[in-house]
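**Student:** Got a structure for you, questions after.
The values are calculated or read from the model by the stated rules, or taken from the named source; none is laboratory data. Every value quoted in this text rests on a predicted model; they were computed, and no experiment measured them. Don't worry about glycine lacking a Cβ; one is built from the backbone with ideal geometry, like all the others, and counts go over all protein chains shown.
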Amino acid sequence: MWKLRRFLIPYRRQATLGALFKFVEVVCELLLPSLMAVIVDQGVKAHRAQFVVQHGLLMVGMAVLGLLSASVCQYFAARSAQGYGTDLRQSLFAHITQLSYQQQDEFGAATLTTRLTNDVNQMQLWVAMSIRQVSRAPFMIIGSLLMAFIMDWHLALILLIATPALGLVVYLLTTRMSPLYRRYQSQLDHLSAVVKENLSGVRVIRAFAKTDTETTKFNQGNDDQTATGLKIGRLSALYNPLTATVVNLMTVVILWISGARINTGTLDQGTVLAFINYVNMILSAVLMLSNLVILLTKAMASAARVNEIMATQPAIVSTRSTNQNLTTTVAPLLSYQSVSFFADAADMQKSDAILENISFAMNRGETIGIIGGTGAGKSTLINLLPRLKQASAGQIKLLGQDINELSLKQLRGLISVVPQQVQLFSGTIASNLRFGNENASEADLLAALATAQATEFVTQQAAGLNAPVERDGRNFSGGQRQRLAIARALAKKAPLLLLDDATSALDYLTEAHFREALRQQRWLQGTLIISQRVGTVMHADRVLVLKNGRVVGFDKHDVLLKNNHYYQELVASQLDQDQAGE
């Protein structure tokens, strides 16, 4: 919690004012039993009606002042807590988006979601309750004891002895509940991961008739969390009975001792009434304090989980904050120079290379196809270009500039990517197409759809470009989603286009029309096409052939077909010789 205090600093004025107004409320509340004692002892017993009315009105005024102070405190506490939670959530989300793919995978989507929502909410709740109650509970306990000593120090000794007993009960229960809350948070993470995995893979689960197996897995995680929750509930259920027992014993002792003194005339009835009120105030304050300790335990566990993410430094960062001046006429457009990539860049001597010593150049206006077997490193090769992954060795130049010398924003602004796994966002077709270019006109969107061969099914929608898109594009087929993703990349109008198996869901005729339309885009300076299909890359100007992370061929399709044995095997596995020749 202490490490995240910087998010509360902008709201320290509201937090301080909230605590001050809470103090005023406590003072008003502490004075009420004393005024009641005065009314009973000096007004009721003496039959002084005017005295009772005057002091009764004073009590009403004190109550109204306390109510107003509490309301102001609630307002400032809410402003502080909501501001704190909003700023922390925004900062955490921004930090998560800066983490590399590998770092996000190490945490997992389920736990990142839980920490961004549930954990931040726990900390936000603690801030609100600490402003409202942390200043109240100690003031109430100390103030009640002080007022009791002022009224009668003999009876006050009973309160002084019994209060630590209440504290001991709270301490024993809290120390046993703290580890249970931490375990509960971890189990919540696990259960969230199981639910997310099952919901995203529901088709596979049903196809393999594994519903019962997955249900058993969920039930096991749910039962574990339920068991922990029940343990917490049982311990929580002991708070009220144990504390009430201590307080009731304290009340009995006070009444027993004060009864004898009232008979002898050394103690007034109003004083006893005030003491009983102060006992109840101490009880409520102790219970409040115990709840705060529970909230603090939860908040500290959540803070540790949030701090773990915030302390993780992004593996890929911008080396510059300003844009470089780029020469658009430099040749080549793109070059890889002895580029290697290791899964564990920190221990390159022991880990196997995913890509090793990759070198090739791409000229302006050229289309290069990339092909290779499964696991050859094709996707990794193009993920290095926008620095979605960081090359372990070598140099990559775009427009004559080392990509590491460009800011991430500038670098990624020069590249449009159609990923292997298409991701559409909830909204409309237009909002998805404008994802990379907010200023794209409707004409630009229609042109991008035409190039991507998506005009027909979009115009069939009643709302056209404003047709709704559900999360992940679930209301469109695989081929339609892929064409919308291509159109989104084209609407960005970046000079370099990366297609990572982006036409796998298209039929051959549609793909041929797309290739022809793509050649007509004069603003496009270069295209990299990854595909498993020889029929897709054979029409490129040159083909880069990868095998086990190494370049084993780079030339025109016809030349590779004559001279490259591995490429011949790839072609033969998909096409007959007549098709290959064509």
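**Student:** Just to be sure, is residue 273 under 19 Å from residue 153 (Cα atoms), not polar (S, T, N, Q) and not in a helix (DSSP H, G or I)? I'd like the intermediate steps shown before the answer.
**Tutor:** Working: under 19 Å from residue 153 (Cα atoms): yes; not polar (S, T, N, Q): yes; not in a helix (DSSP H, G or I): no.
For residue 273, the condition - under 19 Å from residue 153 (Cα atoms), not polar (S, T, N, Q) and not in a helix (DSSP H, G or I) - is not met.
**Student:** In addition: Considering every residue within segment 484-496, establish whether at least one is in contact with a helix residue (DSSP H, G or I) (Cβ under 8 Å, 6 or more places away or on another chain), crowded, with 20+ Cβ neighbours inside 10 Å and at positive phi.
**Tutor:** no
**Student:** If only one of 37, 19 is among the aliphatic types (A, V, I, L, M), under 38 Å from the mean Cα position of the chain (by Cα) and crowded, with 18+ Cβ neighbours inside 10 Å, which one is it? Lay out the reasoning, then the answer.
**Tutor:** Details: 37 fails: under 38 Å from the mean Cα position of the chain (by Cα).
None of the other options fit; the residue is 19.
**Student:** In segment 240-258, which residue that is of a type in the set (Ser, Thr, Tyr) and within 48 Å of the chain's Cα centre (by Cα) is surrounded by the fewest Cβ atoms within 10 Å (Cβ to Cβ)? Before the answer, list the steps.
**Tutor:** Initially, segment 240-258 is screened for residues of a type in the set (Ser, Thr, Tyr), giving 243, 245, 251, 258.
So of that shortlist, the ones also within 48 Å of the chain's Cα centre (by Cα) come out as 243, 245.
Working: 243: 21, 245: 12.
In this case the residue turns out to be 245.
**Student:** Quick check on segment 438-463: of everything there that is surrounded by 21 or more Cβ atoms within 10 Å (Cβ to Cβ) and more than 36 Å from the chain's Cα centre (by Cα), which residue is nearest to residue 493 (Cα to Cα)?
**Tutor:** 451
**Student:** Within segment 464-479, take every residue that is buried (at least 19 other Cβ atoms within 10 Å of the Cβ) and not small (Gly, Ala, Ser) and give me the one that is farthest from residue 426 (Cα to Cα). Can you show your working first?
**Tutor:** Looking only at segment 464-479, we keep the residues that are buried (at least 19 other Cβ atoms within 10 Å of the Cβ), and these are 469, 473, 476.
Those left that are additionally not small (Gly, Ala, Ser): 469, 476.
Values: 469: 5, 476: 12 Å.
So, considering only residues that are buried (at least 19 other Cβ atoms within 10 Å of the Cβ) and not small (Gly, Ala, Ser), the one farthest from residue 426 (Cα to Cα) is 476.
**Student:** Test of understanding: among 452, 462, 443, 448, which residue is within 23 Å of residue 519 (Cβ to Cβ), small (Gly, Ala, Ser) and without any contact (Cβ under 8 Å) to a residue 12 or more places away in the chain? Reasoning before the result, please.
**Tutor:** Numbers: 452 fails: without any contact (Cβ under 8 Å) to a residue 12 or more places away in the chain; 462 fails: within 23 Å of residue 519 (Cβ to Cβ); 448 fails: without any contact (Cβ under 8 Å) to a residue 12 or more places away in the chain.
Criteria check complete, one pass: 443.
**Student:** So which residues in segment 59-99 are buried (at least 17 other Cβ atoms within 10 Å of the Cβ) and of a type in the set (Ser, Thr, Tyr), if there are any at all?
**Tutor:** Residues satisfying the conditions are 69, 80, 84.
**Student:** Does residue 261 qualify as being more than 52 Å from the chain's Cα centre (by Cα) and either within 30 Å of residue 186 (Cβ to Cβ) or of a type outside the set (Ser, Thr, Tyr) (or both)? Steps first, answer last, please.
**Tutor:** Details: more than 52 Å from the chain's Cα centre (by Cα): yes; either within 30 Å of residue 186 (Cβ to Cβ) or of a type outside the set (Ser, Thr, Tyr) (or both): yes.
Taking the combined requirement at face value, the residue satisfies it.
**Student:** Could you look through segment 192-201, keep only residues that are of a type in the set (A, V, I, L, M) and modelled with pLDDT under 85, and pick out the one that is nearest to residue 108 (Cα to Cα)? Give the steps one after another, and end with the answer.
**Tutor:** Step one: of segment 192-201, the residues of a type in the set (A, V, I, L, M) are 193-195, 199.
Pick out the ones that are also modelled with pLDDT under 85 and you get 193, 199.
Values: 193: 8, 199: 15 Å.
In this case the residue turns out to be 193.
**Student:** Okay, moving on. So which residues in segment 211-237 are touching a residue at least 24 places away in the same chain (Cβ under 8 Å) and not polar (S, T, N, Q), if there are any at all? Reasoning before the result, please.
**Tutor:** So in segment 211-237, the residues touching a residue at least 24 places away in the same chain (Cβ under 8 Å) come out as 218, 221-222, 224-225, 228-229, 231-232, 235-236.
Across segment 211-237, the qualifying residues are 218, 221, 224, 229, 231, 232, 235.
**Student:** Here's another thing I want to ask about it. Any chance segment 110-125 includes a residue that's at pLDDT below 80, more than 30 Å from residue 252 (Cα to Cα) and touching a helix residue (DSSP H, G or I) at 6+ places or on another chain (Cβ under 9 Å)? Give the steps one after another, and end with the answer.
**Tutor:** Within segment 110-125, the subset at pLDDT below 80 is 110.
If we keep only those that are more than 30 Å from residue 252 (Cα to Cα) too, we end up with 110.
Okay, now just the ones that are also touching a helix residue (DSSP H, G or I) at 6+ places or on another chain (Cβ under 9 Å), so 110.
The answer is yes, given that some residue of segment 110-125 is at pLDDT below 80, more than 30 Å from residue 252 (Cα to Cα) and touching a helix residue (DSSP H, G or I) at 6+ places or on another chain (Cβ under 9 Å).
**Student:** Give just the number: which of (1) surrounded by 20 or more Cβ atoms within 10 Å (Cβ to Cβ); (2) under 15 Å from residue 497 (Cβ atoms) does residue 424 not satisfy?
**Tutor:** It fails just one condition, (2).
**Student:** Pull out all pairs, ordered by first then second residue, where Cβ-Cβ is under 7 Å, the residues are six or more apart or on different chains, the first lies in segment 81-102 and is assigned by TED's automatic domain parsing to the domain that holds residue 119, and the second is β-branched (Val, Ile, Thr) and not in a helix (DSSP H, G or I).
**Tutor:** 99/312; 100/316
**Student:** Looking for something of a type outside the set (D, E, K, R) and closer than 30 Å to residue 152 by Cβ - is there at least one such residue anywhere in segment 70-91? Don't jump to the end; show me each part of the working.
**Tutor:** Within segment 70-91, the subset of a type outside the set (D, E, K, R) is 70-78, 80-86, 88, 90-91.
Now narrow it down to the ones that are closer than 30 Å to residue 152 by Cβ: 70.
So far as segment 70-91 goes, yes, one or more of its residues are of a type outside the set (D, E, K, R) and closer than 30 Å to residue 152 by Cβ.
**Student:** Looking at 134, 64, 53, 27, can you tell me which residue is touching a Phe, Trp or Tyr at 6+ places or on another chain (Cβ under 9 Å) and of a type outside the set (Gly, Ala, Ser)?
**Tutor:** Details: 134 fails: touching a Phe, Trp or Tyr at 6+ places or on another chain (Cβ under 9 Å); 64 fails: touching a Phe, Trp or Tyr at 6+ places or on another chain (Cβ under 9 Å); 53 fails: touching a Phe, Trp or Tyr at 6+ places or on another chain (Cβ under 9 Å).
The unique qualifying residue is 27.
**Student:** Looking at segment 371-389 only, could you name the residues that are over 19 Å from residue 414 (Cβ atoms) and either at pLDDT 90 or above or not β-branched (Val, Ile, Thr) (or both)? Don't jump to the end; show me each part of the working.
**Tutor:** The initial filter retains those residues of segment 371-389 that are over 19 Å from residue 414 (Cβ atoms), namely 371-380.
Within segment 371-389, 371, 372, 373, 375, 376, 377, 378, 379, 380 meet the criteria.
**Student:** Got a number for residues in segment 334-363 being at pLDDT below 90 and farther than 30 Å from residue 96 by Cβ? Talk me through it step by step, then tell me what you get.
**Tutor:** First pass over segment 334-363, keeping only residues at pLDDT below 90: 342-354.
Narrowing further to those that are farther than 30 Å from residue 96 by Cβ: 349.
Total meeting the criteria: 1.
**Student:** State which residue is nearest to residue 564 (Cα to Cα) when the search covers only segment 381-404 and only residues that are in contact (Cβ under 8 Å) with a residue 60 or more places away in the chain and among the β-branched types (Val, Ile, Thr).
**Tutor:** If we take residues in segment 381-404 being in contact (Cβ under 8 Å) with a residue 60 or more places away in the chain and among the β-branched types (Val, Ile, Thr), then 382 is nearest to residue 564 (Cα to Cα).
**Student:** Identify all residues within segment 520-567 that are modelled with pLDDT of 90 or more and among the charged types (D, E, K, R); write none if there are none.
**Tutor:** Result: 541, 542, 547, 550, 555, 556, 558, 562.
**Student:** Quick one: would you say residue 277 is exposed (fewer than 14 other Cβ atoms within 10 Å of the Cβ) and assigned by TED's automatic domain parsing to the domain that holds residue 160?
**Tutor:** Values: exposed (fewer than 14 other Cβ atoms within 10 Å of the Cβ): no; assigned by TED's automatic domain parsing to the domain that holds residue 160: yes.
No, not satisfied.
**Student:** If you scan segment 454-472, which residues turn out to be assigned to a loop (DSSP other than H, G, I, E, B) and of a type in the set (Asp, Glu)? Reasoning before the result, please.
**Tutor:** Of all residues in segment 454-472, those assigned to a loop (DSSP other than H, G, I, E, B) come to 454, 460-463, 467, 470.
Answer for segment 454-472, where residues must be assigned to a loop (DSSP other than H, G, I, E, B) and of a type in the set (Asp, Glu): just 470.
**Student:** Here's another thing I want to ask about it. Looking at 166, 173, 160, 188, can you tell me which residue is surrounded by 17 or more Cβ atoms within 10 Å (Cβ to Cβ), under 30 Å from residue 28 (Cβ atoms) and modelled with pLDDT under 85? Let's see the steps before the verdict.
**Tutor:** Values: 173 fails: under 30 Å from residue 28 (Cβ atoms); 160 fails: surrounded by 17 or more Cβ atoms within 10 Å (Cβ to Cβ); 188 fails: under 30 Å from residue 28 (Cβ atoms).
Being surrounded by 17 or more Cβ atoms within 10 Å (Cβ to Cβ), under 30 Å from residue 28 (Cβ atoms) and modelled with pLDDT under 85 holds for just one of 166, 173, 160, 188, which is 166.
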